[in-house]
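The values are calculated or read from the model by the stated rules, or taken from the named source; none is laboratory data. Please read these numbers as outputs of a predicted model, since none were measured by experiment. A quick note on method: Cβ atoms are made from the backbone with ideal geometry, for glycine too, and the neighbour counts reach across all protein chains shown.
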Amino acid sequence: MSRRNMLQTAGLIVATPMLAFAQTEAVNPGATGPAWSPYLVGALIGVLSMFTFYFSDKALGASTAFASVAGLIGRLIAPRHTDSLHYYADKKASKIDWQVALVIGVIIGAFLAAWSGGEITGRWLPPMWTERFGESVWLRLAVAFLGGGLMAFGARMAGGCTSGHGISGAMQLSVGSWIALLGFFAGGTATAMLLFYA
Amino acid sequence: MAQDETRKPSRNEDRHPDGLPEKRMSELGLGLLFGVIFGFLLQKGGVAKYEVLIGMLLLEDFTVMKVMLPAVVVGMVGIYALHSAGLVKLHIKPTRYGANTLGGILFGIGFGLAAYCPGTGAAALGQGNFDAIAVLLGLMAGSYVFAEASGWLARTVNPWGDRGVLTLDRVLHLKPRVLVPVMATVLVLVLVAIHVFVDPRP
């Protein structure tokens, strides 16, 4: 079987149950839980990992894409300075690559899923946030931006994020990935508890 | 392409010198396709939702674990099976006790503030949570700030407990074909325990 045929078959295997589910899903815009069984979704993400290893020779991961785009922007604004940085000395660290395409795909895929399930939110503030911290959009955006910044710094230090370490690294039995994963949830739980209970 | 070349395995097309831009396009196309599937699954699994992610960190909603653990179990069994058949290469990042721990905790603090992690942040934006835009911009800014510090960190923090590629099977002196079924069983039991004792929603 040619590579293209295999890919088409693989695509159909994944797409068919998805479409079937999408058709039968009840419209539920206020839903706060998962639309599908999380166990099924998890298992399918495991299968997807096998596909990315086999067809793309890559592990699922998301955080590096943001570093690539940041490097591209840095190179536009301050090319010499960006090139002088240790992380960007390797030109591969700043280009539109597989992972950038993956993250763009995630946005599209999540849109399709939310749209097919009637779960498009279209709002700046999560209700749970508003309940605790009020209606200020700027406060939420500032905290979200700071959170994103810390996550990126931490992910690059640790070598990956919840996808790269938490899923891909953990499934390959990497010791560092399991340590990082514990760190993610330790830091996250402490911070969330402080934010919501302190 | 000449007729006689079609007998070659199609994988070799990728290595044709003239095929380089085409290879890059197909690489990006595959990335996009896998991303669409990944994003679709993340949203359907509920992990693009603020309440679900914060609920996990507050230890009130275990949906995140119910997605991650089966992904790890299925992926682990599948990838080690493919690997032992010689069909895939592993992609294991270096274990650095210092950097993994510090970076992990720092990431966690950011995760608690943002609620969306990098992958689920992209998915959150896709489902219409616009606050995820700030998370994604923060991720880019933070990456550049990291790059500013990367030379210093590479000299100071990275060498702390740098063990290179290190996997649990090597630490435990077990062959992957022994450890993988054991790990899978343990993780499934954890999942069952969560389901029975903590968060029994299906």
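Listed values, structure above:
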{"item": "Residue within region A:162-179 that is facing another protein chain (nearest Cβ under 7 Å), hydroxyl-bearing (Ser, Thr, Tyr), on the phi < 0 side of the Ramachandran plot and touching a Pro at 6+ places or on another chain (Cβ under 8 Å) present", "result": "yes"}
{"item": "Test: residue in region A:173-184 that is hydroxyl-bearing (Ser, Thr, Tyr), part of a helix (DSSP H, G or I) and within 30 Å of B:MET76 (Cβ to Cβ)", "result": "yes"}
{"item": "From the options A:ALA70, A:ALA114, residue that is closer than 16 Å to B:VAL36 by Cα and either buried (at least 22 other Cβ atoms within 10 Å of the Cβ) or more than 8 Å from chain B (Cβ to nearest Cβ) (or both)", "result": "A:ALA114"}
{"item": "Extreme residue, farthest from the other protein chains (Cβ to nearest Cβ), among residues of region B:176-202 that are surrounded by 11 or more Cβ atoms within 10 Å (Cβ to Cβ) and of a type outside the set (A, V, I, L, M)", "result": "B:THR185"}
{"item": "Test result for B:ALA71, of a type outside the set (Val, Ile, Thr), assigned to a helix (DSSP H, G or I), without any contact (Cβ under 8 Å) to a residue 12 or more places away in the chain and surrounded by fewer than 24 Cβ atoms within 10 Å (Cβ to Cβ)", "result": "no"}
{"item": "Leading residue by the ranking (nearest to A:SER84 (Cα to Cα)) among those in region B:158-180 that are without any contact (Cβ under 8 Å) to a residue 24 or more places away in the chain and within 21 Å of the chain's Cα centre (by Cα)", "result": "B:LEU168"}
{"item": "Of the criteria (1) under 22 Å from A:ALA89 (Cβ atoms); (2) modelled with pLDDT under 95, which one B:PRO200 fails", "result": "(1)"}
{"item": "Number of the condition not met by A:ALA62 [criteria: (1) within 19 Å of B:ALA154 (Cα to Cα); (2) aliphatic (A, V, I, L, M); (3) under 21 Å from the mean Cα position of the chain (by Cα)]", "result": "(1)"}
{"item": "2 or more residues more than 7 Å from chain A (Cβ to nearest Cβ) and under 18 Å from the mean Cα position of the chain (by Cα): qualifying helices (runs of 4 or more DSSP H) within region B:79-157", "result": "B:118-126"}
{"item": "Selection count where residues are in a helix (DSSP H, G or I), closer than 14 Å to A:ALA114 by Cβ and not basic (Lys, Arg), scope region B:39-65", "result": "7"}
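Matching residues to (1) in contact with a Ser or Thr (Cβ under 7 Å, 6 or more places away or on another chain); (2) facing chain B (nearest Cβ under 7 Å):
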| position | (1), (2) |
| --- | --- |
| A:VAL100 | yes, no |
| A:GLU119 | no, yes |
| A:SER136 | no, no |
| A:GLY154 | no, yes |
